[in-house]
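Colleague: Just passing along the structure, written as structure tokens.
The values are calculated or read from the model by the stated rules, or taken from the named source; none is laboratory data. Treat the numbers as computed from the prediction; the structure is a model and nothing was measured. Virtual Cβ from ideal backbone geometry, glycine too; neighbours counted across all protein chains shown. SASA here: full protein model, heavy atoms, side chains in, ligands and nucleic acids out. Shrake-Rupley method; radii C 1.70, N 1.55, O 1.52, S 1.80 Å.
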Protein chains: 2
Amino acid sequence: MQSIGFIGLGIMGKPMALNLINAGYPLAVYARRAATAEPLLHAGAANYHSPQELAANVDIIITNVQATTDVEEILLGPQGIIHSAKPGTIVIDMSTISAITTQKMAAKLAQKKIAMLDAPVSGGEQGAIAGTLSIMVGGKADILEKARPILAVMGKQIVHIGDHGAGQVAKACNQIIVAETIIAVDEALRLAKASGVDPAKVREALLGGFASSRILEIHGKRMLDQDYKPGFKTGLHHKDMHLALEQAQQVKINLPAAQHAMKCLDQLIKKGHSELDSSAIHLLAED
Amino acid sequence: MQSIGFIGLGIMGKPMALNLINAGYPLAVYARRAATAEPLLHAGAANYHSPQELAANVDIIITNVQATTDVEEILLGPQGIIHSAKPGTIVIDMSTISAITTQKMAAKLAQKKIAMLDAPVSGGEQGAIAGTLSIMVGGKADILEKARPILAVMGKQIVHIGDHGAGQVAKACNQIIVAETIIAVDEALRLAKASGVDPAKVREALLGGFASSRILEIHGKRMLDQDYKPGFKTGLHHKDMHLALEQAQQVKINLPAAQHAMKCLDQLIKKGHSELDSSAIHLLAED
């Protein structure tokens with residue numbers, strides 16, 4: 001069985017790594033803060049003190065961190081995996097980061113015969129725990145086939161979107177649709193309420209027709225219940241929409257509804273709500 | 001069995017009326033253009049020459065026309081049903097029209113002991129033919145119960161939203177969400193394409209996650225296939241969004257994403273595409 005190194009043990013990464021241990025994979029971790037690694041070490045993971053040290057000892061490296069610069073540091077930094085990973089190592093970056101930087105990093109790793117897949121996910125903490133994430137993969141098809149059994153432990157739908165960066169583009173598309181659909185549901189429920197009509201009844205009726213979506217179902221319910229426990233935090237959605245709009249700018253297209261969604265997320269953060277689920281956009285109109 | 005008068009035998013009305021005949025209801029029609037009534041007369045419907053004449057001879061009157069003013073003319077005009085309908089008659093207006101005008105008309109009919117339900121639908125021509133429409137009902141609960149067996153012939157989901165006009169408000173909410181979700185899917189697929197990523201793969205991957213919706217499934221497919229046969233015509237969606245924004249104005253709320261969607265529908269009509277499915281919004285960016 002391939003040995004796996006896992007970097008990025010946050011809300012998503014921790015249950016994903018635990019699922020890999022439970023599936024029988026030898027797992028090693030590196031964490032900037034020792035406390036973060038604790039639950040994995042208890043579950044039997046080995047511990048290393050830098051990405052470089054980790055990379056020398058595993059076949060596959062999974063990264064799941066927040067920022068594009070974090071991934072750059074882990075892969076190419078002074079203590080990066082590029083300095084020690086064996087030829088044939090596969091890096092699976094499951095973070096949501098820049099598609100273009102992904103392409104550049106994949107090219108640099110390729111010079112050392114290190115393969116890379118971008119494999120961002122959708123499905124949230126629940127999906128990470130249940131191993132039912134949707135995984136959008138960019139990179140070479142033969143590398144994906146080698147990594148597929150590992151990805152299958154974490155996700156139930158694995159789609160090869162295209163070459164390096166394509167997974168990140170798909171994730172950007174995902175975040176755009178989620179944000180804009182949240183706004184659509186927000187506007188509809190506000191119109192119902194302001195018109196003296198029960199928004200819960202409207203949601204119920206609309207779930208039966210063309211307006212139905214997972215956002216109307218799940219985030220619409222959160223709006224009705226005024227329960228904005230994440231789910232997916234506004235701060236992270238804001239970060240992802242920034243990536244999506246950056247990508248749009250790079251390829252010279254205009255996405256006015258995405259820009260509007262970004263403005264709403266901006267306002268929400270300025271009001272101090274970055275830790276709430278991003279469906280809290282529904283709160284904005286109440287001022 | 002109650003006898004039914006049906007006015008408005010368009011793309012939706014015709015199959016709905018035929019389903020009622022097939023369910024065994026005695027059906028009569030009135031049509032401004034004689035040719036429109038032909039298929040129903042062949043199926044056994046009786047024919048009358050004005051709404052007033054029709055109303056004198058049936059227990060239930062169903063209207064399914066385009067404009068608010070059409071409904072006003074049929075119900076309250078010089079040859080309107082108000083002049084002849086027996087006390088206890090139920091008018092079921094399945095058109096998509098103004099919620100506020102609906103409330104006013106219901107009040108006027110009530111003075112003559114004529115009951116009214118607003119019962120606009122979602123589900124399109126296919127749903128009308130299959131009898132699987134989603135029906136959003138405004139009006140009194142006891143009147144809905146009397147009409148329910150008839151509505152059940154035409155729709156599979158019948159939700160009592162609230163009092164008079166509430167069905168129309170729910171329909172406005174439906175059209176807002178549909179329009180804004182079309183734009184969300186449009187922007188995402190444009191970002192994929194401009195980034196050199198296969199939009200079909202992106203759609204496939206996104207259907208597994210939080211971005212999934214009936215619009216991504218059905219209208220997303222239309223965009224990929226560049227097949228804009230309606231479906232739901234841009235011209236009608238434009239009309240419905242106008243109603244929704246009018247309602248928003250009446251209740252003094254601001255719906256910026258709906259306004260943006262309206263602008264896109266406007267542009268599409270100005271380009272001569274009012275007969276295409278409203279997912280043809282995807283064409284706009286190609287100029």
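Colleague: Calculate the FRET efficiency for B:Gln2 and B:Ala67 from the Cβ-Cβ distance with a Förster distance of 35 Å, rounded to the nearest 0.05.
Modeller: Calculated value: 0.80.
Colleague: Still on this structure: Give me the three principal axis extents of chain B from the C-alpha atoms, as integers in angstrom, largest value leading.
Modeller: 65, 44, 34
Colleague: Separate question: Treating only the Cβ of Lys, Arg, Asp and Glu as charged (+1, +1, -1, -1), what charge dipole size does the range B:4-163 show about its Cα centre? Round to the nearest 20 debye. Provide the component values of the computation, followed by the final result.
Modeller: Numbers: 12 positive and 12 negative charges, 40 e Å.
That gives the range B:4-163 a dipole magnitude of about 200 debye.
Colleague: Another question, if that's okay. Quick test of the membrane-span-like rule: which DSSP H helices of chain B reach at least 27 Å along their long axis (C-alpha atoms) with mean Kyte hydropathy at least -1.0? All intermediate terms of the calculation are to be shown ahead of the outcome.
Modeller: Details: long enough: B:166-194 (42 Å, 0.71).
In chain B, the long hydrophobic H runs are B:166-194.
Colleague: Moving on. Which chain A residue puts its Cβ closest to the axis that rotates A onto B, and at what distance in whole Å?
Modeller: Rotation axis A onto B, closest Cβ, rounded to whole Å: A:Ser213, 2.
Colleague: How about B:Lys201: which lysines have a C-alpha closer than 19 Å to its C-alpha, ignoring those fewer than 8 places off in the same chain?
Modeller: Correct list for B:Lys201: A:Lys140, A:Lys156, A:Lys171, B:Lys193, B:Lys221.
Colleague: To one decimal in nm, how far is A:Gln111 from the same spot in the other copies, if labels go 7 Å from Cα toward Cβ? Please give the shortest first.
Modeller: Going from nearest to farthest copy, the values are 8.6 nm.
Colleague: Which order do peptides A:108-116, B:274-282 fall in by mean Cβ count within 10 Å, highest first?
Modeller: Final packing ranking: B:274-282, A:108-116.
Colleague: Give me the percent of Cα-Cα pairs in the protein assembly as shown that sit more than 36 Å apart, rounded to a whole number. If you can, show how the numbers build up before the last one.
Modeller: Working: 70024 of 164451 pairs.
Distances greater than 36 Å cover 43 percent of the Cα pairs.
Colleague: While we're on this one: What residues have an amide H closer than 5 Å to that of B:Leu133, excluding those fewer than 5 places away on the same chain, when H is modeled at 1.01 Å from N in the peptide plane?
Modeller: Residues meeting the criterion, in which the H sits 1.01 Å from N, are B:Gly155, B:Lys156.
Colleague: Moving on to the next point. To the nearest 100 Å², how much accessible surface do chains A and B cover up together, summed over both, with a 1.4 Å probe?
Modeller: Details: alone 13640 and 13650 Å², together 22520 Å².
Summing both sides, the interface buries roughly 4800 Å².
Colleague: Further, regarding this structure: Could you calculate the contour length gain from B:Asn254 to B:His242, that is, 0.36 nm times the residue separation minus the distance between their Cα atoms, to one decimal place in nm? It would help to have the intermediate numbers written out before the result.
Modeller: Numbers: separation 12, 0.36 × 12 = 4.32 nm, distance 1.36 nm.
Here the segment from B:Asn254 to B:His242 would lengthen by 3.0 nm.
Colleague: Provide, in order from the shortest bin, the percent of all Cα-Cα pairs of the range B:4-163 in each 10 Å bin, continuing until the bin that contains the maximum pair distance.
Modeller: Result returned by the calculation: 12, 46, 38, 5.
Colleague: If you average over every viewing direction, what projected area does the convex hull of the Cα atoms of the range B:154-275 give, in nm²? Each step should come with its number before you reach the end.
Modeller: Values: hull surface 37.5 nm².
Computing the convex hull of the Cα atoms and averaging its projections yields 9.4 nm².
Colleague: What is the average number of partner chain Cβ atoms found within 10 Å of a Cβ in A:120-129?
Modeller: Values: counts 0, 1, 7, 3, 2, 0, 0, 3, 0, 0.
Taking the mean over all residues of the peptide, I get 2.
Colleague: Could you work out [θ]222 nm for chain B from helices alone, using -39500 (n - 2.57) per DSSP H run of at least four and dividing by all its residues? Round to the nearest 500 deg cm²/dmol. Please report the intermediate quantities before stating the final value.
Modeller: Values: 12 runs with 141 residues, N = 287.
About -15000 deg cm²/dmol.
Colleague: Assume the label is 7 Å from Cα along Cα to beta carbon: what separations in nm does B:Ile218 have to the matching positions in the other copies?
Modeller: Inter-copy label distances (nm, one decimal, shortest first): 2.3.
Colleague: Summarise the partner chain shielding of A:198-204 as one whole number: the mean count of Cβ atoms from other chains within 10 Å of each residue's Cβ. Could you put the intermediate results ahead of the total?
Modeller: Details: counts 6, 4, 1, 9, 12, 3, 5.
Partner-chain Cβ atoms within 10 Å, mean over residues of A:198-204: 6.
Colleague: While we're here: Among A:Ile97, A:Ile161, A:Ile60, whose Cα sits farthest toward the positive end of the charge dipole of chain A (+1 at Cβ of Lys/Arg, -1 at Cβ of Asp/Glu, about the Cα centre)?
Modeller: The Cα lying farthest towards the positive end belongs to A:Ile60.
Colleague: Taking every residue in B:239-252, how many Cβ atoms of other protein chains lie within 10 Å of its Cβ, on average? Don't skip to the end; give the middle numbers.
Modeller: Values: counts 0, 0, 0, 0, 0, 3, 1, 0, 4, 5, 0, 2, 8, 1.
Mean shielding count: 2.
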